[in-house]
Every structure is written in C-alpha cells, then in structure tokens.
Amino acid sequence: MRDLSAGAALLSLNTATLGPRRSLQDAVEACLRHGVGGISPWRDKIAEAGLAQAERMIKRAGLTVTGVCRGGMFTAADAPGRQQALAENRRAVDEAATLGAACLVLVVGGLPAGSKDLGDARRQVADGIAATLEYARSAQVRLAIEPLHPMYAADRACINTLAQALDLCDGLGEGIGVAVDVYHVWWDPELAAQIARAGRDGRLCAYHVCDWLVPTRDVLTDRGMMGDGVIGLKEIRGAVEQAGFTGLCEVEIFSALTWWPKPVDEIMATMVERGRSCV
Ligand code: ZN
C-alpha cells in the first residue's frame, strides 16, 4: 500500500467537494496552494469556465485530471430523450478528451419518468453505454461506470454494485471500466472480491473517497469527510492498490450542511490532513 503520509500529491480534488459556489479556478488555485496533485471537474464547472480556458488553467497548474464528472443519464421515457442523452454523452467525451482526463465517469440513470420497469431501464443503460463506447474509443477516452448505492436506483443510477458494473463491462470489451466510490460500495459483502476482479480485468479507472456518516441527514448532500464516518477506508484502498490501481485518490464530498459553507482553505487543509491520517 502506498504511503500517503508524505503529502497531498496522491490526492485529487473533485470540484464537488468545494460546493456549488466555487469556480473551477477556485479549485485549481486551491490544489496549487495545498499541493494536491489532481483535479476532477464537474461539467457545470467546465462550462462556467469555458472548455478552452479550463484546459489552459489545469495544464498550467500541472494537475492530473483523474476524471470528468459526468456522463451517463442514458434512460428516458422515449426515443428522442434517449437520443438527446447520447448527444450529451458525446459532448462529455469531447470535454474529457480535451482535458486529457483519465476517464469520463458515468452515472448511468435511473427509472424513466412514469416507469416501474427496472429491467427495461437497465437495458437502456446497456444500449446507451455501448453506443457511447464506440465514440469514446475513437476519442481515446476511457469510460468509467460508477455503480451508485441502491438508494439511488430510482432517480440516478440503476447500476448498483461493482459486480453488476463489471458484468456489463464483460460484454463490452476494451475502453471501459469502473469508478470505485467508497460511498456507494462500502457496504457490499462482495466488495473485496469485485475489486480484485476489476483489477484482474484491467478495469480500475478511478477511486473516490469520502465517508459515510451515522446518521446521514440527506442521502445526496451529507457525505462525510474521511475519518468522520464508518467506512474502513484504509482497508478498501489496500484492496484497490493490491488490485493494481496506481491513480490518485479522488476526494468527492457533497456536504451542503457541514463542509460547503466553510472557507476553501479549511476544507482543503482538512482534506489533506485526513488524506494523511485516514485514507
Ligand atoms: Zn464518485
């Protein structure tokens, strides 16, 4: 297992961690001030900055782009809706290519409005990913399916375990893998086995960290800072690295009540300290 005690160079900042009020420039400058080695921008932050300017800013700062968040949302109630989603995913692939991102993270989508047919939603997701994968291969962008905790199956992602994501990858071949986010997979009794499988298959694209708070006050925006919750972070990173992952640990904390209101440097300093002690 790698030594994270030396500094923050092995951490990456997911822009969501600083909250919606902060710009991409705020995030890039924060990384530089705190020695954080990478960044993973959300697309709304890329759009605010402008893609060309985002690319310049990140390159000049020398940051590794551990991912672009996010593509996906393939499910829709009708064919035009699904076509629209594919077009949006091609734009996301282009952005990831421009930024030289390690992957485009896919949050695949939940049930279409009015539907109770989870099987159909999952078929739509498989079709959408297959269609996007061709485009992503030609752009040399790796797709990373992020399985989301089952509490999001209805509205965000009907791929809910690593096993399910890897099964899907098995049928798709090269150019696709998984993003392992501890918030979504920590509870899974098959976690260690599926991380090992992802490593064997060469499908570990990204590793996201935060913590699971008890109690959790909001299922979307009450993620914990590493060390404040119950996830066995060192054990999971050990498994991921044992499986061959050599990328940065991406810190992704949606925290409307606790962290987003705090000053950027307090969030960053805490994240770096917890990176040393807890991740
Ligand atoms: Zn994530």
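The values are calculated or read from the model by the stated rules, or taken from the named source; none is laboratory data. These figures come from a predicted structure and were not determined experimentally. Cβ: placed from backbone, ideal geometry, glycine included. Neighbour counts: every protein chain shown. When the accessible area is computed, the model is the full protein with side chains, heavy atoms only, and any ligands, DNA or RNA have been set aside. Shrake-Rupley method; radii C 1.70, N 1.55, O 1.52, S 1.80 Å.
A few remarks follow.
- Per-region count, region 189-248, residues free of Cβ contacts under 8 Å to residues at least 12 places away in the same chain and among the aliphatic types (A, V, I, L, M): 1
- Hey, ILE159 β-branched (Val, Ile, Thr) and closer than 30 Å to MET57 by Cα or not: no
- Inclusion of LEU4 among residues that are open to solvent by less than 60 Å² (accessible area, probe 1.4 Å), under 25 Å from SER255 (Cα atoms) and at pLDDT 95 or above is not warranted.
- From ASP155, ASP167, residue being assigned to a loop (DSSP other than H, G, I, E, B) and not small (Gly, Ala, Ser): ASP155
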